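Data first, discussion second: the structure below is written as structure tokens.
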There are 2 protein chains.
Amino acid sequence: MKYVIIGAVAGGATTAARLRRMDEHAEIVIFEKGKYISYANCGLPYYIGDVIKDRNKLFVQTATSFTQRFKVDVRIGTEVTDINAEQKTITAIQLETGKTYQESYDKLVLSPGAFPVRPPLPGINMEGIFTVRNVADTDYIKNYISQFNVKKAVVVGAGFIGLEMAENFHELGIDVTVVEMGDQILAPVDFPIAAIAQQHLRDKGIHLYLNTAVEGFIKTDARLKVQLKDETDIDADLVILSIGVKPDTFLAVKAGLKLGDAKGILVNEYMQTSDPDIYAVGDAIEFPNPISGQATITYLAGPANKQGRICADNLVFGNKHTYKGSINTAIVKVFDLTIGVAGMAAKQLKAQGIEHIVSTIHSNSHAGYYPGAKRMTIQIAFSPDNGTLLSAQVIGKEGVDKRLDLLATVIKNKGTITDLTEIEHAYAPPFSSAKDPVNMAGYVAENILLGRLKIMQCEEIADADESIVILDVRTLAEHAAGTIPGSILIPLDEIRDRLNEIPRDRTLYIFCQQGLRGYLAQRILVQSGFDSVFNLSGGYLLWKSYSDEISLQKKEVLV
Amino acid sequence: MKYVIIGAVAGGATTAARLRRMDEHAEIVIFEKGKYISYANCGLPYYIGDVIKDRNKLFVQTATSFTQRFKVDVRIGTEVTDINAEQKTITAIQLETGKTYQESYDKLVLSPGAFPVRPPLPGINMEGIFTVRNVADTDYIKNYISQFNVKKAVVVGAGFIGLEMAENFHELGIDVTVVEMGDQILAPVDFPIAAIAQQHLRDKGIHLYLNTAVEGFIKTDARLKVQLKDETDIDADLVILSIGVKPDTFLAVKAGLKLGDAKGILVNEYMQTSDPDIYAVGDAIEFPNPISGQATITYLAGPANKQGRICADNLVFGNKHTYKGSINTAIVKVFDLTIGVAGMAAKQLKAQGIEHIVSTIHSNSHAGYYPGAKRMTIQIAFSPDNGTLLSAQVIGKEGVDKRLDLLATVIKNKGTITDLTEIEHAYAPPFSSAKDPVNMAGYVAENILLGRLKIMQCEEIADADESIVILDVRTLAEHAAGTIPGSILIPLDEIRDRLNEIPRDRTLYIFCQQGLRGYLAQRILVQSGFDSVFNLSGGYLLWKSYSDEISLQKKEVLV
């Protein structure tokens, strides 16, 4: 059996290695147009930022070591330009020599990846404007920084890579501006969660332009100017484009393979394309999202690796090993904060008409009495019908990845909020609390689902009319330090004695700092005959960062 | 409705608070014989060790704050001495005044907890010999340390609390000896995993006596002597007994409640005892282990809290909310290491005749190319029939709790090793790798279950007779730095060219450093016609600490 694989980074290299392990005697040829195989693409921003100091660390395998270990014919610097699916051959060109040749295959695996979007803006191809996708890009950027006196960088696009680049430039002492067309960073995350990270970025000295499109780039002296839509310019010694990526389907189209609704290569659950002798993995394929069923392209290393393994198994043993799709679990370190998301955020659920309830809690990363505990915020969305967990977003300074992984595992298993309450985590004071934050998220959601807790969201406070009473149940000191405009104060521990001060014929919006005391107050009020009582999900903490962000953006629009 | 609760720490306090939230108008009385309610008992060793500096931090609630917030009648310093289940009354004594009185109930909740074992050894009640169970114990110990010049401490019993005490004393500059009757620390963990932690304890300067029973205690001048079975003595200024705890079933027996096979209070899945008006939660109850079905007593704060919530719900809304049992997820920080376990370790599975396969892997806490990655070891046991995950043990310096929580979640859901391969974790270089350690544990187990990888264990190497060839497939440098006695070296990357050097008629035991290269070598050999090839699970790393520990213990016996 002769396997040909196109693309030797995450998905392709994994497929090749697994193929060899499962079939010692097969012929395996792998083509890679770049110079490097199986490199750590997720590490590139950190290598640029000197967090990873040794360039060699980026290379999990070299062509030589891979060949030696896996007896795979590795052809780097060789681009596949055509596929003849009928004759089962590919055409390749050795980039250095220009030599073109054909190679036959029994089974072909496509792992072409994705390419960065470069919108056709004036000046976009000038020197000093980079994307960060592969080792070559990275080398260009490192060289550029060491060669020129880079003092100002502009990052266009505030996605995961954009924010990693912003942090890494900042750590190099470069003044960083992030320009984002949307009204928030990190599009897969909901606004109130993104707001927390936006304020952290500004606190760290990053200049953040939201709702801002780039119009073009011009060169002045040794410098670039990034021209914004509102006709202001930003000086830059270097620009990073991190607007997004698109699946590289060039060869797939040439081979006559079907693309899907999301314009990725269509594969079945065995990673097999519309041609039974061609399989595909990685950033170029699309697959139904397990939550919505909608065709989705997942640009993540974890799923690509899993697909590679499944693909190899099916090639060797026949189609048995199935892929179940990705819930797009993603995480990013943004200075001292970590933000992550799994599943479909509320805005995506809304866009697709999937009914859901959103609930936000704050909880300590470990027991509050043990030193070093940090607050984290968990926002989940779940089905109002049966409590199925649809998404989770976590933000905080410690233990965020751990909680996100647990939440992602429940989402992936199509589990419910009850599963969250039953997670039996490891508890000792340095690691968690008797009730872990994921348990707490589950408990609160269970209370909501069973009608024991009625909540409202930050956004609804702004829409509250005069008929609504906003009740602050925190302490006098907390109230005095800042509150929601128009709220009246009755501390939780006084509520039972002051019921007669609270109007019975009006809707009550209750809030406390984090959400717990508001819930307790609500339980007292509801059981004391108050009919229409809602507790602010995420409490004053979430409202504060949300409303600060809204005010700031309004002000920016006015300016 | 009048609820009476006996015991106001984890389970009891949780029950009371949830009862109030669900029923604003019930009468709730809670009795606690100690002075404190709802305190952080898991924090006590760290308060003794000055890691937690402020004593007030131990108190989640005080009797006053709890009363105010939850309108609960809290009676501290009041011991319940009898229950009359027929008349539905309890008898209580106010410890300070000696006043005895009766209190009626509609529903009674028992949360009496457990008490530390104090074996009837000569001298065990002398001053300076302590247990660590409650705030009073802790205050005694702190005062004793500040009053006397404590330079040497002996900890009897190397369980979770014992090790936390050892670390905390050591951090205070006290010379610590740990004496343990068994042949390893941490009884719920398997020997090869415990061995790693034992070596770490010795490296930190803890004197560790295994296989050592204590015979008694004597006083000499201002000091204690701990007398060991082998007739040696150890000097001590202070002794901690952390031998274990037993459920406090005194009142349950008086009330005529049924105890179970494990001598804990028998409850059904609604936390209801054999008397329908009496419920029980926490360390005093027994419940079937979800894996073995065997009656088990769980001495953990997490499950106690969960039970309290379930109990309160069932009291208010009728028996609907079910408890599913605990897989005994537990974790402990031992200096720079963290060790945790969930489910039933191999020795427990063996003892109960449950068929299982054990597999051990080593993996980095996050991407190796990003600074600070630390190796961790994961040992899982799973069913040979269907891959159901039966237990997980994790040890390492970073990210141990995260992986244990994920593994525990799969065990709790009666999931399989395939679920481990499909966990879609959050990956960015600071947090994980494209394949998370839990994925890797799943992949290796899947290879074993599908017959693609045959393994043997450390223990089997010792039993290997002359007919077996032990093959080291690491590099020459690794081999030269230390290997398994009698092994021959053929580095992995040379195997394909040196097949003729390997005897075809003998069983091969292959090993590498961690297990991966051995697997690759095995795949090559099996597919090259070698029939009987086994790879050492956990590799040289696991074997080394295992065999070092065995040698050390043999030497100690000889001395």
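Kindly evaluate A:Gly442 against the criterion of being in a helix (DSSP H, G or I) and either more than 10 Å from chain B (Cβ to nearest Cβ) or without any contact (Cβ under 8 Å) to a residue 60 or more places away in the chain (or both). Taking the combined requirement at face value, the residue satisfies it. Tell me, yes or no, whether the range A:309-325 has at least one residue that is in contact with a strand residue (DSSP E or B) (Cβ under 9 Å, 6 or more places away or on another chain), closer than 30 Å to A:Asp203 by Cα and modelled with pLDDT of 95 or more. No, the range A:309-325 contains no residue that is in contact with a strand residue (DSSP E or B) (Cβ under 9 Å, 6 or more places away or on another chain), closer than 30 Å to A:Asp203 by Cα and modelled with pLDDT of 95 or more.
Note on the range A:406-426: residues that are within 14 Å of A:Thr329 (Cα to Cα) and in contact (Cβ under 8 Å) with a residue 12 or more places away in the chain amount to 6. Looking only at residues in the range A:208-221 that are within 21 Å of A:Met165 (Cα to Cα) and of a type in the set (Ser, Thr, Tyr), the one that is most open to solvent (accessible area, probe 1.4 Å) is A:Tyr209. In the set B:Ile339, B:Ile297, B:Ile291, only one residue is open to solvent by less than 20 Å² (accessible area, probe 1.4 Å), of a type in the set (Val, Ile, Thr) and either farther than 30 Å from B:Ile378 by Cβ or in contact with a helix residue (DSSP H, G or I) (Cβ under 8 Å, 6 or more places away or on another chain) (or both); that residue is B:Ile339. Does at least one position in the range A:334-345 carry a residue that is closer than 20 Å to A:Ala262 by Cα, more than 9 Å from chain B (Cβ to nearest Cβ) and assigned to a strand (DSSP E or B)? So far as the range A:334-345 goes, yes, one or more of its residues are closer than 20 Å to A:Ala262 by Cα, more than 9 Å from chain B (Cβ to nearest Cβ) and assigned to a strand (DSSP E or B).
If you go through the range B:520-531, how many residues are modelled with pLDDT of 95 or more and surrounded by fewer than 24 Cβ atoms within 10 Å (Cβ to Cβ)? Summing the residues that are modelled with pLDDT of 95 or more and surrounded by fewer than 24 Cβ atoms within 10 Å (Cβ to Cβ) in the range B:520-531 gives 8.
Here the condition is being closer than 20 Å to A:Asn134 by Cβ and among the hydrophobic types (A, V, I, L, M, F, W, C); of A:Ile234, A:Ile291, A:Ile327, A:Ile285, it holds for A:Ile285 alone. For the range A:387-394, the criterion of being within 14 Å of chain B (Cβ to nearest Cβ) and either open to solvent by 10 Å² or more (accessible area, probe 1.4 Å) or polar (S, T, N, Q) (or both) is met by at least one residue.
For the range A:222-235, the candidate set comprises residues that are open to solvent by 60 Å² or more (accessible area, probe 1.4 Å) and under 13 Å from A:Met126 (Cβ atoms); within that set, the residue that is nearest to the chain's Cα centre (by Cα) is A:Arg223.
Within this structure, B:Lys35 fails the test of being on the phi > 0 side of the Ramachandran plot and either within 34 Å of the chain's Cα centre (by Cα) or open to solvent by 40 Å² or more (accessible area, probe 1.4 Å) (or both). Residues in the range B:46-57 that are open to solvent by less than 20 Å² (accessible area, probe 1.4 Å), in a helix (DSSP H, G or I) and more than 9 Å from every other protein chain (Cβ to nearest Cβ): B:Ile48 alone. It is to be established whether one or more residues within the range A:159-176 are in a loop (DSSP other than H, G, I, E, B) and hydrophobic (A, V, I, L, M, F, W, C). Yes, that holds for at least one residue. Number of residues in the range B:213-268 that are closer than 23 Å to B:Lys107 by Cα and not in a loop (DSSP other than H, G, I, E, B): the value is 9. In the range A:239-271, the qualifying residues are those that are in contact with a helix residue (DSSP H, G or I) (Cβ under 6 Å, 6 or more places away or on another chain) and under 20 Å from A:Val176 (Cα atoms), and the one that is most open to solvent (accessible area, probe 1.4 Å) is A:Ser242. Only one of the numbered conditions (1) over 33 Å from the mean Cα position of the chain (by Cα); (2) part of a loop (DSSP other than H, G, I, E, B); (3) among the β-branched types (Val, Ile, Thr) is not met by B:Ile93, and that is (2).
Looking only at residues in the range B:429-438 that are within 8 Å of another protein chain (Cβ to nearest Cβ) and in contact with a helix residue (DSSP H, G or I) (Cβ under 6 Å, 6 or more places away or on another chain), which one is surrounded by the fewest Cβ atoms within 10 Å (Cβ to Cβ)? Write out each step before concluding.
Initially, the range B:429-438 is screened for residues within 8 Å of another protein chain (Cβ to nearest Cβ), giving B:429-432, B:434-436.
Now drop any that are not in contact with a helix residue (DSSP H, G or I) (Cβ under 6 Å, 6 or more places away or on another chain), which leaves B:429, B:431, B:434-435.
On the way: B:Pro429: 25, B:Phe431: 25, B:Ala434: 23, B:Lys435: 20.
Applying the filter and picking the extreme gives B:Lys435.
Given the criterion open to solvent by 10 Å² or more (accessible area, probe 1.4 Å) and at pLDDT below 95, identify the matching residue among A:Val60, A:Val74. So that I can check it myself, show each step before the final result.
Values: A:Val74 fails: at pLDDT below 95.
Result: A:Val60 is the single residue among A:Val60, A:Val74 that is open to solvent by 10 Å² or more (accessible area, probe 1.4 Å) and at pLDDT below 95.
Scanning the range B:395-428 for residues that are at the interface with chain A (Cβ under 8 Å from one of its Cβ atoms), open to solvent by less than 10 Å² (accessible area, probe 1.4 Å) and either in a strand (DSSP E or B) or basic (Lys, Arg) (or both) gives a single hit, B:Lys402. When each of A:Arg517, A:Arg474, A:Arg504 is tested for being touching a Cys at 6+ places or on another chain (Cβ under 9 Å) and either modelled with pLDDT under 95 or under 30 Å from B:Tyr47 (Cβ atoms) (or both), the lone residue that passes is A:Arg474. The set of residues in the range B:1-25 being in a loop (DSSP other than H, G, I, E, B) and at the interface with chain A (Cβ under 10 Å from one of its Cβ atoms) consists of B:Asp23, B:Glu24, B:His25. Among the conditions (1) open to solvent by less than 30 Å² (accessible area, probe 1.4 Å); (2) free of Cβ contacts under 8 Å to residues at least 24 places away in the same chain; (3) not hydrophobic (A, V, I, L, M, F, W, C), A:Tyr323 misses just one, which is (2). A Cβ distance below 6 Å, combined with a sequence gap of six or more or placement on separate chains, defines the contacts here; from the range B:367-384, residues that are away from chain A (no Cβ under 11 Å) reach residues that are assigned to a loop (DSSP other than H, G, I, E, B) and acidic (Asp, Glu) in the pairs B:Lys374/B:Glu398; B:Pro384/B:Glu355. Residues that are without any contact (Cβ under 8 Å) to a residue 40 or more places away in the chain and part of a loop (DSSP other than H, G, I, E, B): does the range B:63-83 have at least one? Scanning the range B:63-83, I find no residue that is without any contact (Cβ under 8 Å) to a residue 40 or more places away in the chain and part of a loop (DSSP other than H, G, I, E, B), so the answer is no. Determine whether B:Ile380 is more than 20 Å from the chain's Cα centre (by Cα) and open to solvent by less than 10 Å² (accessible area, probe 1.4 Å). Judged against the criteria, B:Ile380 is not a match. Scoring B:Ile83 on the criteria (1) closer than 23 Å to B:Thr298 by Cα; (2) in contact with a Ser or Thr (Cβ under 9 Å, 6 or more places away or on another chain); (3) surrounded by 22 or more Cβ atoms within 10 Å (Cβ to Cβ) leaves a single failure, condition (1).
Can you name the residue in the range A:26-45 that is of a type outside the set (A, V, I, L, M) and assigned to a strand (DSSP E or B) and, of all such residues, is farthest from the other protein chains (Cβ to nearest Cβ)?
Here is the first cut: in the range A:26-45, the ones of a type outside the set (A, V, I, L, M) are A:27, A:31-36, A:38-39, A:41-43, A:45.
Now drop any that are not assigned to a strand (DSSP E or B), which leaves A:27, A:31-32, A:39.
Details: A:Glu27: 14, A:Phe31: 21, A:Glu32: 18, A:Tyr39: 9 Å.
Taking the candidates together, the pick is A:Phe31.
Exactly one residue out of B:Phe534, B:Phe511 is away from chain A (no Cβ under 14 Å), touching a Phe, Trp or Tyr at 6+ places or on another chain (Cβ under 8 Å) and open to solvent by 50 Å² or more (accessible area, probe 1.4 Å), and it is B:Phe534.
The values are calculated or read from the model by the stated rules, or taken from the named source; none is laboratory data. Computed from a predicted structure; not experimentally measured. Here Cβ is always computed from backbone atoms with ideal geometry, including for glycine, and neighbour counts include all displayed protein chains. Keep in mind that these areas ignore ligands, DNA and RNA; they rest on the heavy atoms of the full protein, side chains included. Shrake-Rupley method; radii C 1.70, N 1.55, O 1.52, S 1.80 Å.
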